[in-house]
Amino acid sequence: MLTLLHASDLHFGKPHRPEALEVFRQFLDGVSPDLIVLSGDFTQRAKIPEYQAARQFLESLGDFPVVVTPGNHDVPLYRVAERLFAPLRNYRKYISETLDSVTKIPGLSVVSLDSTSPHSAIVNGRLSDAQLLFAAQAFSLTPAEDLKILVAHHNLIPAPDFEPQQVLPGYQKCLSALAKMKVDLIIGGHLHRAFIGTSLDAYPQPPHTHPMVIVHSGTTTSTRGRARERGLNSLNLIRIGKDEFSITPHLLREVPGEFEPTGTHTFPRIQGGTP
């Protein structure tokens, strides 16, 4: 059994909640995950002090393996010259020099793609053909027994609630390409509320198309929760077994001051595996 801890939208800066970060750290230490996924928006305005605080947090994680990806807030919005000519300069200095990455641990292959688009779609993001090819090449080298996971900040399907939102432009093309790669799980953030769905919820495809589970975390450590998570913080705990994997969303409750589970969603592994 493998354990993944998925958090997102830490938003170091004005909306960051240090008390939520401390509870998150306690939760992390109690779980001791095999892998941590942090799906973007480390900062609020991509400022150096915000990035320095995020870097300090990452260094405090010690030996836990971590997968990261940038979010739209990790790109300067109002510093236009920087956004046009060096949009992820601070991210690459303080978080990760690599924007598209491959992480492998026994039983898992994780591809993380930078879905920020500073020049054309600041809020909604983009994934390019070159990035999809990068993912396809990485997953083509994945052992058959591995669970294939794609991480990107922006959402490829809408959240199933009343608050309207846009999805990443070209999402149909992306979902079709990822289905051909036999991706099992897509992990993201961005919408500031947690939800779980499948690729077929938003983009029905022909029978026998490979279905993909899509899971988003709300904001784990900021005041920017939205819709049904307004003012709340959340994260996901993912357990991966040989024949199935489960996702358990958690909400931070003021009393007793802990991240508590809100339910568990279990999905069969289509190809099986040996975690």
Would you check if residue 100 is at pLDDT 95 or above, in contact with a helix residue (DSSP H, G or I) (Cβ under 7 Å, 6 or more places away or on another chain), closer than 23 Å to residue 77 by Cβ and not aliphatic (A, V, I, L, M)? yes
Residue ID - modelled with the highest pLDDT, chosen from residues in the stretch 9-40 that are polar (S, T, N, Q) and touching an Asp or Glu at 6+ places or on another chain (Cβ under 9 Å): 39
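Yes/no per residue for (1) among the hydroxyl-bearing types (Ser, Thr, Tyr); (2) under 29 Å from residue 3 (Cβ atoms):
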residue: 43; (1), (2): yes, yes
residue: 61; (1), (2): no, yes
residue: 65; (1), (2): no, yes
residue: 68; (1), (2): no, yes
residue: 82; (1), (2): no, no
residue: 94; (1), (2): yes, yes
residue: 101; (1), (2): yes, yes
residue: 113; (1), (2): no, yes
Can you name the condition, by its number, that residue 234 falls short on among (1) farther than 24 Å from residue 14 by Cβ; (2) among the small types (Gly, Ala, Ser); (3) crowded, with 20+ Cβ neighbours inside 10 Å? (1)
Could you go through the stretch 141-159 and let me know if any residue there is touching a residue at least 40 places away in the same chain (Cβ under 8 Å), of a type in the set (S, T, N, Q) and over 21 Å from residue 236 (Cα atoms). no
Just checking, how many residues over the stretch 118-143 are closer than 12 Å to residue 178 by Cα and part of a loop (DSSP other than H, G, I, E, B)? 1
All but one of (1) crowded, with 24+ Cβ neighbours inside 10 Å; (2) closer than 30 Å to residue 80 by Cβ; (3) of a type in the set (Ser, Thr, Tyr) hold for residue 128; which doesn't? (1)
State all residues of the stretch 41-62 that are crowded, with 20+ Cβ neighbours inside 10 Å and closer than 16 Å to residue 233 by Cβ; if no residue qualifies, say none. 41, 42, 44
Inspect the stretch 196-206 for any residue being out of contact with any Gly (no Cβ under 7 Å at 6 or more places or on another chain) and at pLDDT 95 or above and give the result as yes or no. yes
Taking helices (runs of 4 or more DSSP H) that fall entirely within the stretch 42-117, which contain at least 2 residues that are of a type in the set (Phe, Trp, Tyr)? 48-60, 89-94
For the stretch 77-94, does any single residue satisfy the condition of being among the aliphatic types (A, V, I, L, M), within 30 Å of residue 269 (Cα to Cα) and either at pLDDT below 95 or touching a strand residue (DSSP E or B) at 6+ places or on another chain (Cβ under 9 Å) (or both)? no
For residues in the stretch 242-260 being touching a residue at least 60 places away in the same chain (Cβ under 8 Å) and surrounded by 17 or more Cβ atoms within 10 Å (Cβ to Cβ), which is nearest to the chain's Cα centre (by Cα)? 250
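The values are calculated or read from the model by the stated rules, or taken from the named source; none is laboratory data. Everything quoted here is computed from the prediction, not taken from an experiment. Please note: Cβ atoms are built from the backbone with ideal geometry, for glycine as well, and neighbour counts cover all protein chains shown.
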